[in-house]
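Shown next, in structure tokens, is the structure this report addresses.
The values are calculated or read from the model by the stated rules, or taken from the named source; none is laboratory data. Being a predicted model, the structure only gives us computed values, none of them experimental. Virtual Cβ from ideal backbone geometry, glycine too; neighbours counted across all protein chains shown. All accessible areas refer to the heavy atoms of the entire protein, side chains included, with ligands and DNA or RNA removed. Shrake-Rupley method; radii C 1.70, N 1.55, O 1.52, S 1.80 Å.
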Amino acid sequence: MGRVHAPAGLRALADLDRRAFDRVASARLTGLEPVLPVLSRTADHGVLWFAAAAGLAATRRVALRRAALRGVIGIGVASPLVNLLGKRAFRRHRPVLDLVPPRRVRWRPPASHAFPSGHSASAAAFATGVALEAPPAVALPVAAVAGAVAFSRVYTGAHFPGDVLVGVFLGAAVGVGTRFVWPARPQVAKVTRTGGERVQIAQDGQGMVVVVNADSGDNAADGGRRLLRPPAELALELVRRELPAARIVRPDPDDDLAKVLDEAAADAEVLAVIGGDGTVNAAAVAALRHRVPLLPIPGGTFDHFARALGIELPADAVAAYRGGCLGRADVGFVTQVSGEGDGTDDDLLFLNTASFGAYPELVDRRERLEGRLGKWPALAVAAARTLRHAQPVEMVVGGRTVRVWLGFVGNCAFGSQGPAPTWRDRLDDGRLDVRVVVAADRAPRLRALAAVLLGHLHLTRGYRHWRADALDLVAPAGGLRLARDGEVTTVSSALGFGKYARELRVFCRPRRGLVPA
């Protein structure tokens, strides 16, 4: 049989690949020659990237933790794809390193095949995952290190340039592909610019009243161990140091927090509040009533609304205030149509979500377990126990009679598919995000549990999702338990949901399209 000849185009590419390899592998880069081989070895088995992920995860920045997780997921997909499938399919041999004079760095050719480059695929997957979540100040250095690792594979003679380029392409594609199962979260949600409105800004905090909910974050724990200092105390310490002229108000445990906030807002140029979502919710009521801007300072177990504004740490809140960056955000409300429930005629506000069905019970169980188990283990145990015993409730939602397991009404459209208020692209779209899990012929308990924990309710049978300007809900007589921003209350059985569009003035981290007021 005659020899099978490769097409002329492939031979030309192979020759070009070989010439490029010879030039790179024989180059002498002053200062980098001892560094690149070490960097290449450090990336073996993903050690370099797992160490970087651990460093990002050790921060208190949610964006960096998400970046670390997305990068590790990318490696977990790209590495087997290249090393177990790609290399076995193509079986390209390693290049022969024959340099004169040889480098002083000892080099041993890997035993596996060359095409594509597994190191390059992992580097690109991790860097792409980080770039989807982290700010440029973090993403660019990670990308530079990933590029250096890919280059080192050619420089040390381990791969041809074509191996590396294909590996980088596959890794980047995997990194981008993670968005299909886990959408990337914007660092800052958009809000409407305040335009010509002005507010008194003082570098020392003059005119600001800060209300501290000392009980916020009291259940915060790390792996079941109670934190040495509650987040609210750490935030208060920073405020006292950075804004010494601000007036601090610390309600006693027996005080009415809503009344304290109302009195503070009446006497403030800026109302600041240290606490979680429930505390910020109460502060928003006072801020709306007295027409003062609200500055949320993270200090609770969950700080979803503050994070949506780009305020992840107390230092971010101080920077947002001093920068005078103001925007207008929507506020959701619940109107009790009948006179049942707690007897109030005022609208009940929510900044993140209002939830009904089995979710309020899940919240109660989670709060009882958080001090012993930590935040996420408590959520898993609470979800398992709640859904094991929960029974669907027949109610009328949006004019349709359904048997509801879980129901959520979000303030603005959420990008995530799960029940937790994780991220939104805008806080001023004027819409309600309605998500309901209704009972099918066979109650999907295990699938519903997995969907709640993994954040993919759309995988559950009976899942309904739509967006609306308003929503009517009628439940059986006797009242309905409603969780608003994590706080559970009993309300009447007939409810109306709506929006106060762009009514709440809030401080936020600057972003493109939002300039300081």
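At 1.4 Å probe size, with every protein chain present, just tell me what the per residue accessible area of the range 134-183 comes to in Å².
I get 41 Å² per residue for the range 134-183.
By what distance, in whole Å, do the Cα atoms of the range 460-499 stretch along each of the three principal axes, largest value first?
27, 26, 23
Using θ = phi - 60° and the Karplus curve 6.51 cos²θ - 1.76 cosθ + 1.60, what whole-Hz ³J(HN,Hα) does each residue of the range 261-269 get, with Gly and Pro shown as x?
5, 5, 5, 5, 5, 5, 10, 10, 7
What residues qualify as long-range amide H neighbours of ASN213, i.e. H under 5 Å apart, gap of 5 or more or another chain, H built at 1.01 Å from N?
Correct list: ILE274.
If each of GLU503 and ALA202 carries a label point 7 Å out from its Cα toward its Cβ, how far apart are those two points in nm?
It is 3.0 nm.
Short version: ³J(HN,Hα) in whole Hz for each residue of the range 323-336, in order, from phi by Karplus 6.51 cos²θ - 1.76 cosθ + 1.60 (θ = phi - 60°), x for Gly and Pro, what are they?
Per residue, the Karplus-derived 3J(HN,Hα) values read x, x, 8, 10, x, 10, 10, 6, 10, x, 9, 10, 9, 8 Hz.
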